[in-house]
Each structure stands twice: as structure tokens, then as C-alpha cells.
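Read the figures in this text as sums done on the coordinates, not as results from a lab. A quick note: this is a predicted structure, and the numbers were derived from the prediction, not measured. Backbone-built Cβ (ideal geometry, glycine too); neighbour counts: all protein chains shown.
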Amino acid sequence: MKAGRFVLAAALVLAIALFFQFDLDGYLNLDFFKSQQAAIEAWREARPLAAALGFFVLYVAVTGLSLPGAAVMTLVAGAIFGLAWGTLIVSFASTIGATLAFLASRFVLRESVQSRFGDRLAAINAGVEKDGGFYLFTLRLVPAFPFFVINLVMGLTPIRTRTFYWVSQLGMLAGTLVYVNAGTRLAQIDSLAGILSPGLLASFALLGVFPLIARKLVAAAKARKVYAGWQRPGHFDRNLVVIGAGAAGLVSSYIAAAVKAKVTLIEKHKMGGDCLNTGCVPSKALIRSAKLLSHIRRAKEFGIREARAEFDFADVMERVQAIIKTVEPHDSVERYTGLGVEVIEGRAKIVSPWEVEIARNDGGHQRLSTRSIIIATGARPAVPAIPGIEDVGYYTSDTIWNLRELPRRLLVLGGGPIGAELTQTFARFGANVTMVLRGERVMPREDLEVSELVMQRFRVEGIDLRTGHKSRRFVIENGEKTLVAEHQGEEVRIPFDVLLVAVGRAAKLTGYGLEELGIPTGHTVEVNEFMQTNYPNIYAAGDVAGPYQFTHTAAHQAWYASVNALFAPFRKFRADYSVVPWSTFVDPEVARVGLNEQEARARNIPFEVTRFALEELDRAIADGEAHGFVKVLTVPGKDRILGVTIVGEHAGDLIAEYVIAMRHGLGLNKILGTIHIYPTLAEANKYAAGEWKRAHAPQKLLAWVRRFHDWRRGRPLSSMSHTVTPRERRRAGMAAHTD
Ligand SMILES: Cc1cc2nc3c(=O)[nH]c(=O)nc-3n(C[C@H](O)[C@H](O)[C@H](O)COP(=O)(O)OP(=O)(O)OC[C@H]3O[C@@H](n4cnc5c(N)ncnc54)[C@H](O)[C@@H]3O)c2cc1C
């Protein structure tokens, strides 16, 4: 295959080189044609079929080899064959030639280009796969885009050959007609500029703006279709109505109020949504108490002969509620009312694209008309339909906060971030926790070594990890709740007292009007890059829109949704997901931004790995937390960061430096050139950059520098015999930070 590619590439290069070597381009211009016009026309008169065929083959060769001259040949076609035949010949010849160039580019270049620039092309590939025909059609219509560039570039994308062919033929037809038509008057035209008569100019101008007009027309047609049958109010009560007061809804309404829009926020349950009431805040508060217990258990490591903890689990859970109460005012009705948001406590239902009906918690009903709506209704824990699950009863992340008694035996289903955080936390309080996983590891989105490190810690802390277990049914046997699972073809029985289901979270999609309006949903509400649903004035943000399920991504999307909802069509912003960080707050903490190894491999993106082990970091050693690593993926040979995974104490905080670096295109050299306070955990970021720098040190140059120093000492050879320790290397790296 590689040899075939090489042969084809060589043949093409040779053909193009010969074309220029023998000045064949001299024959593909208007002057030459005009000098030969009479002879050519005579030939066409005498042998019309041969003339058409010869011209056709020549046209295919010129376009297939991406040689200059297609525009002139199109004019000539008009002059020789007239409008109808000229258009027919050129339409097929140009499309066949274009397709040959497209196939050659695909065969010779696509694999290497995709593997080199796969990460940067990912968005283009996705766009082409979804909308490739339309993109191509637009490009074909605009004469500003060179014909041969489109052929070659399209060959690198995943567009299908058949689609490329027919869209090209259709898209080029208008341009072909204009050129061939101009060619019919070639006798009067002396240069390419001469074809720019007012009539032709107008048709080119039309061709230029046609794609834009076409796009607008398509969008307008789609909107017209979707709004058909709905009565648009003459005026609106509100600029924006936001449904749901979680992270996404709060941020959306805050932004709307800040830019002086009239906005109403509707919440049916608790202000603050999941994050405040059942998610981030309670889980992190509980994790904090559990961490204290783990430190007390490790007292001897810190030189404390004896430390004991006495606690009542109910008090711990009350502390969690107290923390929620402390944070609550930040998300309260009072605060948001003070910020200029009208807050209504009640259940909202979208009854038309511009109207929301509210069943207020005080029993009243209200209907509001609004120019735009943001759906921010969040997600709920998914509960798998395992036979017997309702009989044994279960907790989810919504209800676990009601527990006041520590379960003796806790069974956790699911090994994602929520399951992993709560598993370790309950184990640290002293529950016997069994974690049941269908797959082979916890947190499967992270690299294998990350999961292994976390699992190793879980095992050390006494957690019973059951990987590769498929939950078949729940039963009550001899008064004991039991999970019957299948493991390696055998039935396994796991008795427990309390079940926590943590297998994922499903977007809330029913019961508030999406079905009635026909807003498309898969796992989430379907939105475009502007966060718009199929109704351009209805937006969605947060867990309900996905694909991420974090408070910070909900807030990020909320900005786009609210700004677009208030200012489109005058100003619209595409949601930018280029740098999304997250953290799982297990111990050791796991944080990530950008790609990890498994994703880079899956997407065929070449990378280099640089690693710094926290065992070597002074502050981590002093803190008794010298475990974990900083792993940085970079573009081979360059310091451009593709992604970072940090495992260790405060990883979620440490990653911020890399998030900023990636967001603003700063490479590892810049991190290395920045002073970090000693002794801090943050130094790990710099030391990782130092490791990268050392691996890319110019060895040959350094050998010469060594000779220079030897010479300066008046000695022929270096007498340096001291072996450099890792610590010395690191410290040296601190100084060696030139870009
Ligand atoms: C245990 C746990 C720990 C987590 N830890 C973290 C973490 O550490 N970091 C992190 O970034 N993320 C974390 N998350 C995820 C985070 O909580 C969510 O991503 C975030 O809350 C999503 O916000 P949202 O606004 O999309 O939805 P939500 O917070 O769910 O808010 C949606 C709101 O809409 C309301 N609503 C729904 N339907 C209607 C209706 N018809 N009318 C009126 N109101 C309605 C709901 O009552 C709810 O208040 C955690 C989640 C859980 C469960």
C-alpha cells in the first residue's frame, strides 16, 4: 500500500513537473487559443465527436492533475462548442477530473495528514461527516475558493466519494454556465479581465453571496417549518425565561439580569440544584470528614503515637447539611432577586415556543410569554432495571444524604466518579464497602495506570472491589439482601445491608413540554454549537444538554446560551469546548485536562509522554503524600500541550496551571520559565516541564559545550565523575528555562 502510494505520488509529481518543464502552460491561455481559434473551429466542424472527446480528455487531465488552465478551458469550451454542449462537456469533465484529484489526494495524503493533524482536524472531520455535502456545495458555488484546492482538501476529509461527485457537479453547474456563456463571446474578449462585463459581474457577485443566502434560506426554512402551527405572540412579557435553578440556570439568569434583560428563573425544587443540594457540595463536605479520619488512622506516620476518632455518623451528616446551609445564600431566591432576576418557585412547562406555564409551589398558576427560553433542568441518577432492585430498596446520589446511620455493609453499583468518591468515603467511615463493576476498572475514562493507582489505594483501604461482575438480580435470602451477579460464567452472591446505585446520570427530558413541542432528544436535549434546540429561540445548557456533567461546564454553557438567547441574530457565539478540565475527588485526587493516552491513541493523534513522579517532590514528601504523578502529553518534538493528567494530593487545584496554559496556547517552556514557590505541590507542574526540557536537550550541542568548558579549564577531557542525583537534575532544570 505504501509502495503504491509512493508510485502514484511520484507519477503525479513527474507529470506536473513535465508539464511545466515543457512550458505546456503556454498552450493553456487565451492568447494561444485566440491565435489558433480558426484552426480549432475548423477541426471541430470536420470531426465534432473527436473534437469533443479530445477536449473532454484534455480537460479531465488538466483538472485531475490540478494544473492551471481549467478556467481558460471552460471559456474555450463555450467558444468552440457553444453554451449547451460546452456546459455538458465541461460539467462532466470538470467533475470527473475533480474526483480523480480528490481520490489521488485521499490515497496519497489522507492517512499521514490525519495521523499528524488528527486532533486539529477532529472538528473539521466531525463537521464534514455531519454536513459535508452542504459545506462542499457552498465551496463549489463560491468562485473565490480555487477549484483544485477544494479537490485536494476534500480528499483529506471523510466525505464519501459519491457525495463528493454529485455535490461537485451540482455545485459547479452555475459557475460552469457563467464561464461557458462568457466563452461563447470569446471572440470579443481579449483577456480574462475582459469577461467582467456588468452582466457577468452581477452574476459573479450573485455567485459569491449565494452560499450565504443559501445558508440563511436553509436556516429560515428549517425555522419556518418548526414554528409552523404555533401562534407567535405580538409582544413578550420577558426577554428570557430560564427553567431550573441549578448551576446552568443560575448563571444564565445572572448574566441576563447583568445585561439588563427582563428574566424569570423558575425552580420547582431547591435553588442551587444538584450541585448544592445533592452533588458537589455535600459530597465534598463528606469527603472532608472522611479524610480527617484517614489522617487520624495514619497518625503514626506523622509521629503521633496515638490518635483516636470518636464520631457519630449522624453528626457527620448533619455537618454536611450545615455546610449546604452555609452555601445556600449564594444561590438563594433573595440573592437572585437582588441581582435583578425574577424567581418563581414552581414547576415550569413549555407550552409553545414562546410561552411557559408555571404551576407555582403556592398553588397558583401563571403563563409567561418570552422571546427566548433556556432549558436547564439537569439530570437525575439512572437506575438500571435489574430484577428485584425495587424489593431490596436503594439509595442514589439524590437520597444518600438522608442516611443518618452508617451502613454496616454497603454495596455500591458503578465505578464512575460519583461511585468512586462515595465508595472510598463510606469505607473511611468504617462501612464494609463492596464495589461492583461491570468492567475491569474504576473511572474507565482515565488511563489504565490511573485506575490502577486508585484501585490499589481502594484495596489498601479495605474496599472489596468486584470487577467484571454483571448484576443479574437482587433477592432477599434468609432475610438478607443479596446481589446475584455473574462473574466469569459463575453466579456470585454478595450479601449487603444498603445499596447505593451510582451507574450514571440521565438528562431530565420528560414532563415539561419537550415531547409536545417535538424538541429532539437522544440521551440529552439536542443542541447545536450555539446551544440552540431545533427552535432557534429555545436553548439548553448544563447536564440536560451534556455531553459533560460538571458544574463548571454547566456554567460555561450557560454563558453561551444566555448571550445567544438575548443577542442572536445580531451576535452569536459558538460554545468552545477546546479545553475542558475535570477532577474526581478520590484520594489520591485525579484531575485531567485535554487528552489522555487512551484517547490520543483512539483518535490516532501522535503524542509524547512526559512524567514527573510526586515521590520526588519535596513538599509532597514533607506532607506524607509523596505518591501519584503529573503526566503531560505533548505534540512530538514540540512543547505544545495536548493534555495533562495529575494524580495526587490537590490534583484538582494543581491542574489549573495547565488549563490556563492550554487555553492560551502556552507550552511547557513557558511553564518552566515561570517562578513557582518552593516548597509547594505546584512545583510538580514545573518539574514535569523540566523533565520534558531535559528529554529534548540538544545533546550534540551540549557535547561541544562540555569540550568548551574542558578547554577553559585547560584540560583535554572533562574530569566530571560525579553522578547527578534526580534532585540536582530538577534544581538545575529550575534554572535552565530559556525558551
Ligand atoms: C454526588 C455528586 C457529586 C458531584 N460532584 C461534582 C463535582 O465535584 N464537580 C462538578 O463540577 N460537578 C459535580 N457533580 C455534577 C454537578 O452536580 C452537575 O453537573 C450540575 O449540578 C449540573 O447543573 P445543572 O444546572 O445542569 O442541573 P441541576 O443542578 O440538576 O439543576 C437543574 C434544576 O432544574 C430544576 N427543574 C427540573 N425540571 C424543572 C421544571 N420543569 N420546572 C422547574 N424546575 C425544574 C431541578 O429541580 C433542578 O434544581 C456532582 C454530581 C453528583 C450527583
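Step through the residues of region 340-354 one at a time and calculate ³J(HN,Hα) from phi using the Karplus curve (6.51 cos²θ - 1.76 cosθ + 1.60, θ = phi - 60°), rounding each to whole Hz and writing x for Gly and Pro.
Once θ is set to phi - 60°, the couplings for region 340-354 become x, 9, 7, 10, 10, 8, x, 9, 9, 9, 7, 10, 7, x, 10 Hz.
For V242, what residues show an amide H to amide H distance below 5 Å, using hydrogens built from the backbone and excluding near sequence neighbours?
HN-HN under 5 Å from V242: T264, L265, I266, I374.
Take each of the peptides 671-684, 587-600, average the number of other beta-carbon atoms within 10 Å over its residues, and list them starting from the highest. Provide the component values of the computation, followed by the final result.
Details: 671-684: 17.6, 587-600: 21.6.
The packing order, highest mean first, is 587-600, 671-684.
When a/c is below 1.5 the answer is rounded, else prolate if a/b is larger than b/c, else oblate, so apply that to the chain with a ≥ b ≥ c taken from the square roots of the Cα gyration tensor eigenvalues.
Numbers: a/c = 2.41, a/b = 1.47, b/c = 1.64.
In terms of gyration-tensor shape, oblate.
If amide H atoms are built 1.01 Å from N in the plane of the peptide, which residues on other chains or at least 5 residues away come under 5 Å of the amide H of E486?
HN-HN under 5 Å from E486: K470, S471, R472, V492.
Pairing the Cα long axis of helix 247-258 with the longest principal axis of the chain, what angle in degrees results, from 0 to 90 and rounded to the nearest 10?
So the helix axis and the longest Cα principal axis differ by about 70 degrees.
Along region 679-692, what does the Karplus equation 6.51 cos²θ - 1.76 cosθ + 1.60 (θ = phi - 60°) give for ³J(HN,Hα), rounded to whole Hz, x for Gly and Pro?
Coupling constants for region 679-692: x, 10, 5, 4, 4, 4, 4, 6, 5, 4, 5, x, 4, 5 Hz.
When 1/r is averaged over all different Cα pairs and the result inverted, which Kirkwood radius in Å belongs to region 60-109? Numbers along the way, then the final one.
Working: mean 1/r = 0.0900 Å⁻¹.
Final number for the Kirkwood radius of region 60-109 is 11.1 Å.
Compute the projected area of the convex hull of the Cα atoms of region 600-648, averaged over all viewing directions, and report it in nm² to one decimal place.
3.7
222 nm [θ] for the chain, helices only, -39500 (n - 2.57) per DSSP H run of 4+, per residue, to 500?
Details: 25 runs with 357 residues, N = 739.
Computed ellipticity for the chain at 222 nm equals -15500 deg cm²/dmol.
So how far, in whole Å, is the C-alpha centre of region 457-533 from the one of region 276-321?
Value for the Cα centre distance between the two parts: 27 Å.
Once Lys and Arg get +1 and Asp and Glu get -1 on their Cβ, which of V590, I350, S283 lies farthest toward the positive end of the dipole of the chain?
Going by the Cα projections, it comes out as V590.
For region 133-139, just list the computed ³J(HN,Hα) in residue order, Karplus coefficients 6.51, -1.76 and 1.60, θ = phi - 60°, integers in Hz, with x standing in for Gly and Pro.
x, 5, 4, 4, 4, 4, 4
Find the relative contact order for the chain and round it to a whole percent, using C-alpha pairs within less than 8 Å whose residues are 6+ positions apart. Mind showing how you got there, number by number?
Numbers: 1260 pairs, mean separation 68.0, N = 739.
Worked out over the chain, it gives 9 percent.
If you fit an axis through the alpha-carbon atoms of helix 161-184 and take the longest principal axis of the Cα set of the chain, what angle between them do you get, 0 to 90°, nearest 10?
40
Just want the answer: with Cβ charges of +1 for Lys and Arg and -1 for Asp and Glu, which residue in S451, L53, A382 is farthest toward the dipole's positive end in the chain?
L53
Using only C-alpha atoms and all pairs of different ones, pull out the Kirkwood radius for region 481-627 in Å with one decimal.
19.8
Note down the magnitude of the dipole of the chain about its Cα centre, charges +1 on Lys and Arg C-beta and -1 on Asp and Glu C-beta and zero elsewhere, to the nearest 20 debye.
Values: 85 positive and 70 negative charges, 318 e Å.
My answer is approximately 1520 debye.
Restricting to the chain, compute how many DSSP beta bridges are antiparallel as a %, nearest 5.
That works out to approximately 65 percent antiparallel.
Please give me, ordered by residue number, the chymotrypsin sites (Phe, Trp or Tyr not before Pro) of region 543-601 that lie in loop per DSSP and have at most 16 other Cβ atoms within 10 Å. If you can, show how the numbers build up before the last one.
Numbers: sites: Y548, F550, W559, Y560, F567, F570, F573, Y577, W582, F585; in loops: Y548, F550, F570, F573, Y577, F585.
Hits after loop and neighbour filter: Y548, F570, F573, Y577.
Once you have the Cα-Cα distance between K670 and H709, take 0.36 nm times their residue separation minus that, and quote the gain in nm to one decimal.
Details: separation 39, 0.36 × 39 = 14.04 nm, distance 2.83 nm.
Gain on extension, K670 to H709, equals 11.2 nm.
Could you check what % of the DSSP bridge pairs in region 317-463 are antiparallel, to the nearest 5? Don't jump to the answer; show the numbers that get you there.
Numbers: 11 of 16 bridges.
Of the beta bridges lying entirely in region 317-463, close to 70 percent run antiparallel.
If you line up the long axis of helix 551-567 against the longest principal axis of the chain, both from Cα atoms, how many degrees apart are they, to the nearest 10?
Approximately 50 degrees, to the nearest 10.
Which is farthest toward the positive dipole end of region 602-724 among T645, L614, W711, measuring Cα position about the Cα centre, with Cβ charges +1 (Lys, Arg) and -1 (Asp, Glu)?
Positive-most Cα among the choices belongs to W711.
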